[in-house]
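Here is the structure we will look at, set down as structure tokens.
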Amino acid sequence: MKVKFWSKMTGMLAGAIVAVFFIGFAAVSQVMNADAIMSGQEQGITSSFPVMAESDSQVIPMKALLLTASAQDFSPTSLQNMYYNRADRAIRIPKAGGTRMGFTVAQHVDLYQQYQYILILPADASGHLGFGTLRISDPLLRSVTIEQNAQGNTQLIFQGEQILALEVLEDAANYYIRIMHPREKYPLIVVIDPGHGGSDPGAISRGIRESDLNLAVSRYLIELIEAGGEVKAYTIRNSDIGMEVRERAYFGNRVGDLFVSIHHNASRDPGVHGIETLYSRRQVTASSLDSQTFAEIMQRNKADELGSRELRVRSRGFAVLRHTTIPAAMVELGFMSNARELDRMVTEEFQRSAARAIYNGILETFEAYTPPR
């Protein structure tokens, strides 16, 4: 009896191992990427799915790039009617029966600090598009996830490898979603750097932190830029977080045409007051606009708007200025160590005026300077 029992158990165990092996193999066979398909490494997979008649051999049906929807049951996703063209970095979505899904009126949500860009359709398009995640091996785009949001509308989440931009086009038969670097889409881009943040509060006076004042002004500035619509703005931070100064410069270099670092000054002498703007002579840039000229424009606009005492425009070797390769200026909005200026700085009126002065300086600069593209 013992022999039969152990023989039976051994057979069951072997069967379980074989089953797990085939289930695992089935799951792995569903996890693919564009590189594998293009190189023919996944044989017998694409043949079961319709490939649209395209002359470009780099057009890949998304349903041929399935991922498992659940790691537990290995059930495949239902992605359909989507085709990725690697050469053009574009997704084509056929309009089945002339169906209009609202792509051209979709809500755009740019979560660039997470390298995400979301398109929210005005309706549920899951019947036409399905759901799931497509992984794309591309220097710009990592994956696309299609899901329903809390309102029942379909949204497409584009996860980038870096900051990205999208453009939606259409013709009689198709929608096209182009994935681009921001400089391909936006003619004018400014990067706003609210100085300090996180564990680095900057100057502190009467319990007021410079990092909070910098952030308040930058938020009003972003509002103005977005309302104006002429310039695309990216901000280094929109909350109380920190970032190493060189990373701030590299952020600007990757996407920007201008870089503005917002700060408030301090001195051991409480009588010192006024505004100044800084740049770096040590900066290396290929731009036709030098940072000193940019700083002078910013200083003049601050003086006109704020009515503050003008100190000077001067070169300083701060890393955030030195390591940028685009025109960069650090705007100092007054001295927190001066009681009268600090009383002004904490008011919404001053913060909005400071934001307007910086905004006007940005617009004036772009009127005289056309960024290279």
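Using the crude model of +1 on Lys and Arg Cβ and -1 on Asp and Glu Cβ, and no other charge, please compute the dipole size for region 295-337 relative to its Cα centre, in debye to 20. Please report the intermediate quantities before stating the final value.
Details: 7 positive and 5 negative charges, 44 e Å.
For this selection, approximately 220 debye.
Compute the signed sum of charges (Lys and Arg +1, Asp and Glu -1) over the other residues within less than 10 Å, Cβ to Cβ, of L215. Show your work: numbers first, answer last.
Numbers: positive: R209, R219, R237; negative: E210, D212, D240.
Here the charged neighbours net out to 0.
At a 10 Å Cβ-Cβ cut-off, how would you order K302, K185, K95, K232, fewest neighbours first?
Working: K302 26, K185 14, K95 17, K232 21.
So the residues, fewest neighbours to most, are K185, K95, K232, K302.
Where Lys and Arg each count +1 and Asp and Glu each count -1, what net charge lies around H181 among other residues with Cβ under 10 Å from its Cβ? Could you put the intermediate results ahead of the total?
Working: positive: R89, R183, K185, R254; negative: E184.
Neighbour charge sum, excluding H181 itself: +3.
Positive end of the dipole of region 130-236, charges at C-beta (+1 Lys, Arg; -1 Asp, Glu), about the Cα centre: which of S199, A150, I136 has its Cα farthest in that direction?
S199
Modelling each spin label as a point 7 Å along the Cα-to-Cβ direction, I'd like the L169/R340 distance in nm, to one decimal.
Result: 5.9 nm between the two label points.
Would you mind telling me the antiparallel percentage of the DSSP bridges in region 186-368, rounded to 5? Walk me through the numbers on the way to the answer.
Values: 6 of 25 bridges.
Once the DSSP bridges in region 186-368 are tallied, antiparallel ones form about 25 percent.
Which of T324, T370 comes first, and how do the rest follow, when ranked by fewest Cβ neighbours within 10 Å? Before the final figure, lay out each step's value.
Working: T324 29, T370 12.
In increasing order of surrounding Cβ atoms, one gets T370, T324.
No lab work stands behind these numbers, since they all come straight from the coordinates. Small disclaimer: the values here were computed from a predicted structure and weren't measured. Note: ideal-geometry Cβ built from the backbone for every residue, glycine included; neighbour counts use all protein chains shown.
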